[in-house]
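The values are calculated or read from the model by the stated rules, or taken from the named source; none is laboratory data. Source: prediction; values computed, not measured. Counting neighbours? That spans all protein chains shown, and the Cβs are built from the backbone with ideal geometry, glycine included.
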Amino acid sequence: MDLNDTPEQAEYRAKVRSWIEANKAGAPGLGGAELGKEEAWIAERRDWQRKLAEGGFAGVTWPAEFGGQGLGPINQVIITQELQEAGVPGILDVIGIGMLGPTVIAHGTDDQKQRYLAPMLAADEVWCQLFSEPAAGSDLAGIQTKAEVQPDGSWKLNGQKVWTTNAHFASYGLILARTNSDVPKHKGMSMFIVPMDAEGVTIRPLRQITGEAEFNEVFFDDCVIPADAVVGPVDGGWMVALTTLLFERLAIGAGSEGFGYRADRFAAAIASDPVAAADHDVRHRLGKLATDLLALRFTGFRHLTAIERGGLPGSEAALGKVTAVKAAIAAGDLIADVIGPDALAEGEWAYLISFLPGLKSAGGTEEILRNMVGERVLGLPTEPRLDKGIPFNELRALEKEGASA
Amino acid sequence: MNFELSDEQNALQEAARDALSRIDTVAAAREALEDESKRADLWETAEAAGWTGLLVPEEQGGVGLGPLDAMLIAAEAGRTLAPVALLGHLPATLLAEGDELQQLAAGEKRGAFVPAMPPTDLDHAWTVDPQSGLRRSPAPSLDGNKVTGRVHWVPDAAKADLLVVIAVDGTEPKAVVIDPSQGGVKVEPVVSYDQTRPMAHVEFDAAEGKVVSASADDIARAWSVAQGLIAAESLGSVEEALERSVQYSKERYTFGRQIGSYQAVKHALVEVLRLMENARSLMYYAGWAGQDSPEQFTLAAHAFRVGAGEALDFASRELISVHGGIGATWEHDAPLFFRRAQLSRRLLGGTASAADRVAGELLAEAGARPAA
């Protein structure tokens, strides 16, 4: 086992490091936007992404013909590590560059690639992901937002999306919508590109327990988009969505410590209180949660090894989020028990405690992750499904009937 | 970056699995509960495979491998509850020297590590597990070359030819090699809840031995290696328990469907998988630190102990409950894994003290000065 870089990786790391060294004076701060200063914050972060892109450090895994560097995921990991080490932020449009751009590259037309990829890379146009809906989260294929084809071949969107990060300043969204309700639900969806300033699009911030509005709700009312907005085949949107989710998995595998939940950080919060540091219950709880976080860290190295060897982490990588959330909840509880109610006032620990209940469901609820891992990794049988083979519109009727019974 | 097993390590693991499959050690574990003489003894297997000298440098007659290799073999032994006697023997080979070391490495003699737990940031004494209760006993004392004191629940001591005892001279720990057949040594075999482990309480009354040159750091390292080995055995038992649980959950039907299709069962089995994968990562961490980052080895080995212990506690209970009532009967194999879990968590300081040490290491690193 060897946690060191190969000679090629070390060389690349040195290149990244010297670029950061030369440019970090102009980098924005790590924090989020202050109230009332959101626009300035976004502008700074756009500039910083543009600079990173010009240096060749944004979208490094994209093919060179689309402005990328044609490098492997491990190079992306090195960049992320070096940016963290230097205390400067990474790109603004993580979702666009990491998931949506690669989806367009995989399924888009030549015209779409020509039009959209370069401005995405330079942060001139930020993107958002319009998949989840109020009634379709774990069961994503149950989306109800409709795209109806018009006589001129254009599409009319109606419906609502939710949990949409960055929608309030995004230029485009990748939207999954139902194009055929007469077939079973996985077979009647299509993927589209929608301009976020199109007529009929309404964006509302969604405040969370933390008080921040990290997400938005997005409403579509008779929003018309052109015929060439379809990504991939009409009614073949599920396959396109799976590509996006695959890139999400890669991103999670490559950055399992990305939440900043580290054993040493939590230990430091307790170390300053000599009574707590000698208390058996405190130590026992800290020892257990620290063990989980160490496991998470070294599981991350196993995933990186898989990625470096040209593969993907196994589906069990999804369990990393379960461990991270569980251990961080235990840490928040412990630290607040030690500090007292002051810990719940504004600040690092209050934010952590308020952020975690939502994170538990983000990117897939714990329950749906356990189903997925149980079936794919352990080979356990699926539960009988009541929606299989049933046309979507009949299914909706059945659901309505069940709810009113 | 390479944080997976090497080809050699994969081969070592496969060879161990193969060598340990020749005797039905799980069946023997049940028989040994009623007749101790039925306990399997795989010392010859260990000797033939070269495991007895696994951690001993080649120039001293050993194989010269590292802690991760030893843990991989221990994990295979844990899968089949095989009594290979390496938990006591391998840490002993880290401390012995000279002729005795060569005999241990060659497998001519069986060693047993008679351990003492190193001091923590709160407790500055070297201590041993008590016979019962929470108050830890002082480690045996050393006067010249004579050891006096009592150590309880020593793994593999009942069948050992040489004991490597940790005794304290003033405040300084020393390792002393003692022949248990001589005067002043009493080895009392104990019938244990998990009869796959030949355990004993050991008493020394001015017993003469050979004080070896091992430093306090060497002795603390041997303790950490023992933590890693018992954790690895647990991890192997978890792997086996999960395979058996998954298998049964696909065969058993209720209400017209396989029980593994129910979320209540599926989610619990995924929890076993999650704990198991976490423990495996911690084993790699301990193996890597033991080889390449000694200053992290204490933290890593104890974290592995905590993670693997939690995994086995959960997996062994889940193995029983997936099987329903039959899983709790004498004839079933599940209780044998449960017995292993119950005893293991209470040996070598117990998993609770390992959790405390994980916290202590991190707090010390963060500059804590705990109140007395």
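Brief remarks on what is shown
- Selection status of residue A:383, more than 14 Å from every other protein chain (Cβ to nearest Cβ), surrounded by 13 or more Cβ atoms within 10 Å (Cβ to Cβ) and of a type outside the set (A, V, I, L, M): no
- The stretch B:298-308, subset more than 7 Å from every other protein chain (Cβ to nearest Cβ) and surrounded by 24 or more Cβ atoms within 10 Å (Cβ to Cβ), residue nearest to the chain's Cα centre (by Cα): B:305
- Some residue of the stretch B:40-57 being more than 20 Å from the chain's Cα centre (by Cα), surrounded by 13 or more Cβ atoms within 10 Å (Cβ to Cβ) and within 27 Å of residue B:199 (Cβ to Cβ): no
- Breaking point among (1) at pLDDT 95 or above; (2) part of a loop (DSSP other than H, G, I, E, B), for residue A:212: (1)
- Residue match in the stretch B:249-267 (condition: of a type outside the set (D, E, K, R), modelled with pLDDT of 95 or more and closer than 25 Å to residue B:357 by Cα): no
- Residues in the stretch A:305-318 that are without any contact (Cβ under 8 Å) to a residue 12 or more places away in the chain and either within 9 Å of chain B (Cβ to nearest Cβ) or within 20 Å of residue A:374 (Cβ to Cβ) (or both): A:305, A:309.
- Taken over the stretch B:334-369, the criterion of being over 22 Å from residue B:242 (Cα atoms) and β-branched (Val, Ile, Thr) is satisfied by B:358 alone.
- Inter-residue pairs, beta-carbon under 6 Å, first over 19 Å from residue B:264 (Cα atoms) and in the stretch A:375-400, second β-branched (Val, Ile, Thr) and at pLDDT 95 or above, 6+ apart: A:391/A:183
- Yes/no for residue A:302 being among the charged types (D, E, K, R), touching a Phe, Trp or Tyr at 6+ places or on another chain (Cβ under 6 Å) and either more than 8 Å from chain B (Cβ to nearest Cβ) or crowded, with 18+ Cβ neighbours inside 10 Å (or both): yes
- Only a single criterion out of (1) assigned to a strand (DSSP E or B); (2) surrounded by fewer than 16 Cβ atoms within 10 Å (Cβ to Cβ) is not satisfied by residue A:118, namely (1).
- The number of residues in the stretch A:48-69 that are under 16 Å from residue A:103 (Cα atoms) and of a type in the set (Asp, Glu) comes to 1.
- Any hit, the stretch B:68-84, residues being within 30 Å of residue A:12 (Cβ to Cβ), assigned to a loop (DSSP other than H, G, I, E, B), within 14 Å of another protein chain (Cβ to nearest Cβ) and touching a residue at least 40 places away in the same chain (Cβ under 8 Å): no
- Looking at A:290, A:229, just one residue is buried (at least 20 other Cβ atoms within 10 Å of the Cβ) and out of contact with any helix residue (DSSP H, G or I) (no Cβ under 8 Å at 6 or more places or on another chain), and that residue is A:229.
- Scan of the stretch B:1-26 for residues that are surrounded by 15 or more Cβ atoms within 10 Å (Cβ to Cβ) and more than 30 Å from residue A:76 (Cβ to Cβ), ordered by number: B:12, B:13, B:16, B:17, B:19, B:20, B:23, B:25, B:26
- One residue alone among B:315, B:279, B:311 is within 25 Å of residue A:383 (Cα to Cα) and within 14 Å of another protein chain (Cβ to nearest Cβ), and that residue is B:315.
- Residue check for residue B:293: facing chain A (nearest Cβ under 9 Å), under 29 Å from residue B:72 (Cβ atoms) and crowded, with 19+ Cβ neighbours inside 10 Å: no
- Residue pairs meeting the criteria (Cβ under 6 Å; at least 6 apart or on separate chains; first within 7 Å of chain B (Cβ to nearest Cβ), in the stretch A:363-374; second charged (D, E, K, R) and buried (at least 20 other Cβ atoms within 10 Å of the Cβ)): A:373/A:316; A:374/B:266
- Filtered residues of the stretch B:231-255 (kept if in a helix (DSSP H, G or I) and over 17 Å from residue B:20 (Cβ atoms)): B:231, B:242, B:245, B:246, B:247, B:248, B:249, B:250, B:251
- Note on the stretch B:322-372: residues that are more than 11 Å from chain A (Cβ to nearest Cβ), at negative phi and within 23 Å of the chain's Cα centre (by Cα) total 15.
- For the stretch A:320-366, a residue qualifies if it is of a type outside the set (A, V, I, L, M, F, W, C), closer than 28 Å to residue A:216 by Cβ and under 18 Å from the mean Cα position of the chain (by Cα), and the qualifying residues are A:320, A:321, A:357, A:358, A:360, A:361, A:363, A:364, A:365, A:366.
- Residue match in the stretch A:272-288 (condition: more than 10 Å from chain B (Cβ to nearest Cβ) and either assigned to a helix (DSSP H, G or I) or in contact with a Pro (Cβ under 8 Å, 6 or more places away or on another chain) (or both)): yes
- Just one of the listed residues (A:103, A:109) is under 21 Å from residue A:245 (Cα atoms), more than 20 Å from the chain's Cα centre (by Cα) and in contact (Cβ under 8 Å) with a residue 12 or more places away in the chain, namely A:109.
- The listed residue being assigned to a helix (DSSP H, G or I), under 24 Å from residue A:300 (Cα atoms) and out of contact with any helix residue (DSSP H, G or I) (no Cβ under 6 Å at 6 or more places or on another chain), out of A:52, A:83, A:71: A:83
- Taking residues in the stretch B:114-125 that are within 19 Å of residue A:287 (Cβ to Cβ) and within 11 Å of chain A (Cβ to nearest Cβ), and partners anywhere that are of a type outside the set (D, E, K, R) and outside any strand (DSSP E or B), the pairs with Cβ atoms closer than 7 Å and at least 6 places apart or on different chains are B:120/B:360; B:121/B:360; B:121/B:363; B:121/B:364; B:121/B:370; B:122/A:278; B:122/B:360; B:122/B:370.
- Any hit, the stretch A:319-327, residues being within 23 Å of residue B:269 (Cβ to Cβ), more than 7 Å from chain B (Cβ to nearest Cβ), touching a residue at least 12 places away in the same chain (Cβ under 8 Å) and of a type in the set (S, T, N, Q): no
- Selected residue (criterion: farthest from residue B:334 (Cα to Cα)) from residues of the stretch B:238-270 that are at the interface with chain A (Cβ under 7 Å from one of its Cβ atoms) and among the charged types (D, E, K, R): B:257
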